[in-house]
1. Please state which of the following conditions residue 32 fails to meet, knowing it meets all the rest: (1) more than 30 Å from residue 161 (Cα to Cα); (2) modelled with pLDDT of 85 or more.
2. Residues to consider are 401, 393; find the one that is at pLDDT 85 or above and buried (at least 16 other Cβ atoms within 10 Å of the Cβ).
3. Would a scan of the stretch 224-242 turn up a residue that is farther than 30 Å from residue 43 by Cα, out of contact with any Asp or Glu (no Cβ under 9 Å at 6 or more places or on another chain) and aliphatic (A, V, I, L, M)?
4. What helices (runs of 4 or more DSSP H) completely inside the stretch 378-468 contain at least 1 residues that are closer than 30 Å to residue 107 by Cα?
5. Please state which one of 251, 243 is on the phi > 0 side of the Ramachandran plot, in the same structural domain as residue 130 (by TED's automatic domain parsing), not in a loop (DSSP other than H, G, I, E, B) and not aromatic (Phe, Trp, Tyr).
6. Return yes when residue 85 is touching a helix residue (DSSP H, G or I) at 6+ places or on another chain (Cβ under 8 Å) and either closer than 19 Å to residue 369 by Cα or outside the structural domain of residue 160 (by TED's automatic domain parsing) (or both) and no when it is not.
7. Considering 261, 279, which residue is among the hydrophobic types (A, V, I, L, M, F, W, C) and farther than 30 Å from residue 142 by Cβ?
8. Given the stretch 80-136, what helices (runs of 4 or more DSSP H) lie entirely inside it while holding 3 or more residues that are under 20 Å from residue 60 (Cα atoms)?
Amino acid sequence: MIERDDTSKGIEKAKIPLLRDQYAAEEEDGEIKRKIWIETKKLWRIVGPAIFSRVSTYSILVITQAFAGHLGELELAAISIVNNVIIGFNLGLLLGMASALETLCGQAFGAKKYDMLGVYMQRSWIVLFLFATFLLPMYLFASPILKFFGQPEDIAELSGVIAVWAIPTHFAFAFYFPLSRFFQCQLKNRVVAVVSGVALVVHIFVCWLFVYGLKLGVKGTMATINVSWWLTVLMLFAYATCGGCPLTWTGFSMEAFTRLWEFAKLSTSSGVMLCLEYWYYRILIVMTGNLKDTKIAVDSLSICMSINGLEMMIPLAFFAGTGVRVANELGAGSGKRARFAMITSVTQSLIIGIIFSVLVVFFHDQIGWIFSSSETVIEAVNDLSILLAFTILLNSIQPVLSGVAVGSGWQSFVAYINLGCYYFVGLPLGYVMGWIFKSGVKGIWAGMIFGGTAIQTLILISIVMRCDWEKEDFKTDLRFQSSAVAALQEAAEAYLVGLFEDTNLCAIHAKRVTIMPKDIQLARRIRGERA
């Protein structure tokens, strides 16, 4: 009887409007928390291993720079110029071009067109290898290029020698970046993480052996990078091609040589979008080389850029994860879930960025000891720590928003934004503050942060918040429909020219779309009319 009364009271309470609203709000709050938790698990399945693998691979450069820094100030300046300027310029372009796979492979995986992932990766190898060959003169003529931009002769000459030793690493990037995106888009980031961890352990040992054991000096430090990067590439290639990815790797395909121009255009758009951003801070180092006391300025700024670059691997992992999640949801036909994935990713990356910014401010007078034993250099790093903290904070948001652009296929549009903000606002403002107002490296860096990166971040936030996600979903559907039509046209053309003698081979040729019996009948009829 008591239980019945309690039930009746509960029913009566539920009929009261205010209580009904409260219960509905509680249910909605619980549903939102559940969605956030589910999306977080999906996101960190990509981001977690991506952070580990990116930090491991970037640590190869940082550890090498630390070994070189204890050889002397000239060696540190030279290896910093090669890593941050010569390799950095080319790496930015190749990394950006490979991000086209995040759009194509991510959407193909979401649409269950699994076999196309392997074809896209092979196309990316071809395009990136050709571009890597085209970029070789930057390594071969590094010394005159650096002298032209005002670098001191001793730094430019030693940098030129080291740059030639960096050529094998340059070509390793052309294969590594497509491989890593290939694994990432099918949620196999743990493979990349394990391989990167193994390569990092090997690198530490080889670095000690070459520098202190064999006494190879600064050339030996560059040679260790070659060993580590190619070891990474070979291990990933072996896993992908030896049965680790049976759905997405079906062997080498001649289809990889088709539509190279279309693929190159999308890759170039992606490359320009990311490399305009990547080059931005490399130009900062080149500009610093024209100041007084060049070695100290370059050394201190390079140390800050190395710390920023190492922390940047976290938002870049979110960049990759966001690109994949947005592409997967758009490929699966859900614009709303793509928007929710974007909001979740930006929020979590921002929280991590705030934590690291606070750590930099707290340990501002100690972080320089990792890279140098020079009191002058350490004091210069301490002087730049506040700007470093601001850069880390802004970079925790901006790359994630760029990941949304990659997942949605907006690369060309964002490339124009990067060009305008960085090179028509940020660089001129940095020049004015550095040379006109005599603020030195602090003025250059501050101008480039607040004039370029901050404005670009605000514009991207505005674009993403105003985006019509249902429209983006529709555009993704159109992209796959056009791909299906093109495949059917290829199959019909194969019949017309007599390349295939039976319908089974025709269906195999066009297996990335569903070829219905009526389609094969149409191809037969067309062939009969032609005869």
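1. The single condition residue 32 does not satisfy is (2).
2. Numbers: 401 fails: at pLDDT 85 or above.
The unique qualifying residue is 393.
3. yes
4. Details: elements: 385-395, 398-408, 411-418, 427-431, 440-448, 454-465.
The helices (runs of 4 or more DSSP H) meeting that bar are 385-395, 398-408, 411-418, 454-465.
5. Values: 251 fails: not in a loop (DSSP other than H, G, I, E, B).
Only one candidate passes the filter, namely 243.
6. Details: touching a helix residue (DSSP H, G or I) at 6+ places or on another chain (Cβ under 8 Å): yes; either closer than 19 Å to residue 369 by Cα or outside the structural domain of residue 160 (by TED's automatic domain parsing) (or both): no.
No.
7. Within the list 261, 279, the selection yields 261.
8. Working: elements: 87-98, 100-110, 115-134.
In the stretch 80-136, the matching helices (runs of 4 or more DSSP H) lie at 87-98.
The values are calculated or read from the model by the stated rules, or taken from the named source; none is laboratory data. Small disclaimer: the values here were computed from a predicted structure and weren't measured. Please note: Cβ atoms are built from the backbone with ideal geometry, for glycine as well, and neighbour counts cover all protein chains shown.
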